[in-house]
1. Tell me the angle of helix 122-131 to the major Cα principal axis of the chain, expressed in degrees between 0 and 90 and rounded to the nearest ten.
2. Can you find, among 69, 80, 57, the residue sitting farthest towards the positive end of the charge dipole of region 38-92, where Lys and Arg contribute +1 and Asp and Glu -1 at Cβ?
3. Please compute the Kirkwood hydrodynamic radius of region 84-156 from all pairs of different C-alpha atoms, in Å with one decimal.
4. Kirkwood Rh over Cα pairs of the chain into Stokes-Einstein at 4 °C, 1.567 mPa s: D in µm²/s?
5. What ranking do 85, 140 get, fewest neighbouring Cβ atoms within 10 angstrom at the top?
6. What is the gain in length, in nm to one decimal, between residue 148 and residue 71 on full extension, counting 0.36 nm per residue of separation less the C-alpha to C-alpha distance?
7. Counting alpha carbon pairs within less than 8 Å and at least 6 residues apart, what relative contact order, in whole percent, applies to the chain?
8. Let's see if you can work this out: charge +1 on each Lys and Arg Cβ, -1 on each Asp and Glu Cβ, no other charges. What is the dipole magnitude of region 56-156 about its Cα centre, in debye to the nearest 20?
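Computed from the coordinates by the stated procedures, all read-outs in this text should not be read as laboratory data. Predicted, not measured: the structure shown is a model, and the values here were computed from it. All Cβ positions, glycine included, derive from the backbone under ideal geometry; neighbour counts span all protein chains shown.
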Amino acid sequence: MPFSDELVNGHTARLLTRAVRTALPGMEPASLRAAAHRLDPLPLRERADLRRDALLADVPGGYAEPAGVVRAARDAVPEFGGWLIRPVTSAVAAKAVAEGTDAAFDDAMALLADLTGRLTSEFALRVLLRHDLDRALGIIAGWTASPDADVRRLAS
């Protein structure tokens, strides 16, 4: 069994790069490719943050652009899950907070709920909770009645 630091590894890095390439045909995710070679000496959180920052560098624009790429990758790449989800959800949350609109915030919450079954979105959810606790808790309250056990667990 790998150490936690090894969970965001070269394999997950290549898988995320491939997923972004699939979602954006013709685009070369250079930052993601470069980050894959810098993971080894880093602990888990820094590995995830490096991949988050690389994803945001490769997919510029407002919130809608990375959210669209994430949805396209989710729909097109069956392996879009596991530890590559942590930097993805962190990127979604960071962009939503940076955009500063209720629409981006609400969409990010929905996207995190959708992705949490592939690997928990709890770390990214904390970013949104810190940004607007009342709004986040209002949305999370609705998750407690979800038929999806992963979403109910995220709500807790």
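1. With both axes taken from Cα atoms, the answer is about 60 degrees.
2. Farthest towards the positive end: 80.
3. 11.8
4. Taking Rh from Cα pairs, D becomes 83 µm²/s.
5. Least crowded to most crowded, the residues run 140, 85.
6. 25.9 nm
7. Reported relative contact order: 20 percent.
8. Dipole size: approximately 300 debye.
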